[in-house]
Structures are given as structure tokens and as C-alpha cells.
Amino acid sequence: MALSGFASCKGVVWVNTHLIKPLVGESYPVVDYGRGIYLFGKDGKKYIDGSSGAVTANIGHGVKEIYEAMCRQAEKVSFVYRSHFTSEPAEELAEKLAQSAPGDLNAVFFVNSGSEATETALKVAIQYFQEQGQPEKIQILSRRTSYHGITLGSLSMSGHPLRRQRFEPLLEDFPAVAPPYCYQCPFKLSYPSCKMKCADDLEEAILSIGSENIAAFIAEPVIGASGGAITPPDEYYPRVKAICEKYNILFIADEVMTGMGRTGKMFAMDHWDVVPDIIATGKGMSAGYTPMAAAIVSDRIMKVIENGTKVIMSGHTFSANPFSAAVCLAVMDYMDKNNVVQNAQKQGIYLIEKLKKLQEEFEVIGDVRGKGLLCGIELVRDRTAREPFSLNEKITETFISICFENGLIVYPAVAGVTGFSGDAVIIAPPLTITSEEIDELAGILSSSLKQLTGKLE
Ligand code: PLP
């Protein structure tokens, strides 16, 4: 059977770097077209894209303005090599991203995927200290429940056992600290009496490893693929940033999933008025219309590099290609004109309300969480005891299959045995969704939960 994907071998095309079979079902349905929040299969079946693919299709599918911008740029020039030319779209996009980013984050490095964005952040952080005569500052602290990408550098920083296990011998053994996961607190404490022990854990790790060995701490503002929209209490990030500053450690915000309006602000760190040293962004930057991502770096870091070797040893053939830049500009323009970020904030509140109602009805929902339109539900065996299902029961897999069958796409968040212990799904529809469409989404979610509950009895 031929499947669509990235590399062909004797007529079989392999997809998915981390899954050996389709996310749902036994074979892939063939997509025909998409409009708004809907995708249509070749067989005529209609799906609500309730997770924007992998939290990517932020402005929905089939937007005419993007197609028109693609045609305009393709007619001029699609590709130039970044060491030969810059281009108006790339310059304009860099300017627009710098304006959207907080503080002095003004230097934009274009790459093609979120993994490359976080890996670029890693390299820039290490270089920043090398240029200052501190070559031993090379460790990157991350959290035990996290996902920062699938390349070896980004996977080294990821607390995602399922995706790591095969490559463990090749990965850097970077230290990881406790996640701010209140629902299943790693310390069995509760907020606020815990006094944010998870933030203290960062400080303790720094003290035990030695700040002279650590370049950066990386965190997803809202934990996505490995945790299902785990959102920390408001005081967490200001505390974490202060700890990083105290020990001269850079703070990298991995906004690949949360950035570009997904949480109801342009970048999720804006919710907490925290200015990171580097932001990694991707996914919603192009809203899936072309592969594009970026690392946005502070002037403070750039000044050191400009006064030093002046060269950042990173970059890819397709980096900053004018076609992709024009597409991203059109996406940002569409977001401005249609108040997409404001809609994410407003509809996010409505979606959470709907999910909380479902929680009242279905015992299997242990937790409802999220920010803006990055929401998650955690499924548990026993709500009173907050007891998770065991991994081999494959509850998330079963649930997303039921949803898919019913015409709703949701995204799994299961990291594996030593990471996030539970089962969760991400509900993150396009940021253009209306209240009526959320009602429709919640209706399918409800019937799917009914079916799941029936299977559990
Ligand atoms: N960082 C985060 C927070 C992500 O959610 C992802 C992908 O899901 C990545 C990095 C990796 O991005 P990509 O799949 O584009 O390489």
C-alpha cells in the first residue's frame, strides 16, 4: 500500500518519524481539500480539524489570500540562497517578527522546522558563552515532561521517553527538572501551599550541576505534545526567569506550539510579561502553508557575537527562502486583518467552558486545562484518586480513533513511562473558529466520550 510521506522505498512511502503506523486506524485516509476548520477526505468524509493538524493550521485551511500571495511570490522568485541574496519578504518578515516579539528580541534566524528552531537556540546559547571565554557552559537544562523536536540536538533537550528511547545512546545526557504539572504534581504537593517547589527544583539542579556548566534552560510555556496543554500557575515563569538571571543562564522559550497567537497572545510568554533570551517559533508561523520556523534572539546575545567571531555556524539551504517568507507574511497579515489573536483568546474561554461541562458529565475526564485555543483534557481511570490508566491500555489511542471515526481530529499527548504518566488529548482548533463551530466540535467530543465510557464499562 502506498502512503503519502517523505521517502519512498520500493513503492512504499514511509511517514511519521516517531510512529510506526497511522495515528488513527489501520491506514491513512486520503485528503482531498480543506476549508476553514474542516478537512474533506477523497471519500467525501468531513472532519473538524480540532487540533489544527499538529497545532499548526492556525488560520484554517484553504485561505484564498494565502494562495494568492503564493502565486504572486512564485511569479517573482521562489528561492535564492541566503549567502547570495536577501529578499524583501524575508527582511519584512524578520522585521514583523521582531516587532511582535517582546523586549529586545530582534534578530531572526529562519529555519524550516520547530526542531531546527530549538536546535539553533541551543547552538546560539552555547556560542554566546564561548564568545565570552566560558566554553564549559554547554549543558542545556530542560524539564522531564517536554518536547523540543526530533533532531538529535533538540531530542537531547526533550523529556519525551517514547520519542527518545531508540536513540538514547546518541543523545546528550542533558539534565532535566520537574515540570510545573499541578494535576499530577511530581512532589505530591498542591498549589499554592507547594510554594512552587517545581521552580525551586530548577534552582536546586543549577546548584548541584554548577551554573558554570549550564548555558540555558529551555521550556515550552504551555507543555504540548508530551503533556496535553499543561499550564503552570502564573507565578512560575517570572520565578524561573529570575532564577536564570541570578545564575547567568539563558532562558529559551520554546514557542513552536504556543507562539503566533495560539494562546490568545502573540507569544505565550506575554501572558506573564516574561522576556526570554531566545524564542523558538514555528508551526503557526506559516499556519502550515509552507515549512517555516525561526529562532528569535535578543540584542544582548547578538552584541556579544557581533563583537566576537561574528559568525553563527547554523543555517540550512532553504533558510529564509522568499517564497516561504512571503507566505508567512501573508499569514501574519491575515491574522492582523481578521483579529485572529483576539479571537483565539475569546473562543479559548468558550472552549474551556464547554470542556468543563463535559468534565461534569464524564468521570473519565480528570483535568481540563490550557490557554487560549491550546486546550487539553486528561483522561483518568479514577477521578477522585487522580489515578491514570496504564500506558498499555492505550486509552488516548482508542479515544482519538473514536473521535476520528466520528469526524473530529484531536492530538495525542502521551510521553511514556518515565515522563508524563497520564493520557491526554490536545484540542486546538484553528484560531479562526466560531462559537457555533465550537458547539459542533464539543458535540462530537461528547458522543466520542460516551463511546469511550461504554468501552471502559
Ligand atoms: N517544540 C515544540 C514545543 C513542539 O511542539 C514541536 C513539535 O510538535 C517541536 C518543537 C518540533 O517542531 P517540528 O515538528 O516542526 O520539528
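Each reported figure results from applying straightforward, stated rules to the coordinates on display, with no laboratory input. Given the structure is predicted, the values throughout are model-derived calculations rather than measurements. All Cβ positions, even for glycine, are placed from backbone atoms using ideal geometry, and neighbour counts span all protein chains on display.
Between Lys310 and Glu168, what FRET efficiency follows from the Cβ-Cβ distance if R0 is 35 Å, with the result rounded to 0.05? So, using R0 = 35 Å, E works out to roughly 0.45.
Scoring 231-242, 100-111, 182-193 by mean Cβ neighbours within 10 Å over their residues and listing the highest first yields 100-111, 231-242, 182-193.
Can you sort Asp273, Asp254 from fewest to most other Cβ atoms within 10 Å of each residue's own Cβ? So the ranking, lowest neighbour count to highest, is Asp273, Asp254. Here is how the number arises for the chain: DSSP H runs of 4 or more residues each give -39500 (n - 2.57), the sum is divided by the residue count, and the result at 222 nm is -11000 deg cm²/dmol. Averaging Cα coordinates gives a centre for the stretch 301-331 and one for the stretch 226-261; these two points are 23 Å apart. Taking a ≥ b ≥ c as the square roots of the eigenvalues of the alpha-carbon gyration tensor, the stretch 293-353 is classed prolate because a/c is 1.5 or more and a/b outweighs b/c. So which lysines can Lys123 reach, going by Cα to Cα under 18 Å and dropping same-chain residues fewer than 8 places off? Lys123 reaches Lys137, Lys303, Lys310. Taking a ≥ b ≥ c as the square roots of the eigenvalues of the Cα gyration tensor, the stretch 313-413 is prolate, since a/c reaches 1.5 or more and a/b is larger than b/c. Rounded to the nearest 0.05, what FRET efficiency do Arg300 and Asn338 give with R0 = 56 Å and r taken as the Cβ-Cβ distance? Could you check? In this case the efficiency is close to 0.95. Normalised by the number of residues in the chain, the average gap of Cα pairs under 8 Å and 6 or more apart makes the relative contact order 22 percent. Of all DSSP beta bridges confined to the stretch 216-287, the antiparallel ones make up roughly 10%. Here the stretch 57-168 is treated as a sphere whose radius is the Kirkwood value from Cα pairs; by Stokes-Einstein at 20 °C and 1.002 mPa s it diffuses with a coefficient of 124 µm²/s.
In plain terms, the chain from Val80 to Leu189 could stretch by 33.8 nm, reckoned as 0.36 nm per residue minus the Cα-Cα distance.
Would you please classify the overall shape of the chain from the alpha carbon gyration tensor, given that a ≥ b ≥ c denote the square roots of the eigenvalues, rounded means a/c under 1.5, and beyond that prolate means a/b larger than b/c while oblate covers the rest? Judged from the Cα gyration tensor, the chain comes out oblate (a/c at least 1.5, b/c at or above a/b). The chymotrypsin sites (Phe, Trp or Tyr not before Pro) found in the stretch 242-317 that occupy coil by DSSP, while having at most 16 further C-beta atoms within 10 Å, are Tyr247. Protection proxy ranking of 290-297, 362-369, 444-451, by the mean of other Cβ atoms within 10 Å over each peptide's residues and highest first, is 290-297, 362-369, 444-451. In terms of other Cβ atoms within 10 Å, Ile252, Ile206 run from fewest to most in the order Ile206, Ile252. The number of Lys pairs in the stretch 325-389 with C-alpha atoms less than 21 Å apart, excluding pairs fewer than 8 positions apart on the same chain, is 8.
Phi-derived couplings, Karplus 6.51 cos²θ - 1.76 cosθ + 1.60 at θ = phi - 60°, listed residue by residue for the stretch 80-90: 9, 7, 4, 8, 9, 9, 9, 9, 4, x, 5 Hz, with x used for Gly and Pro.
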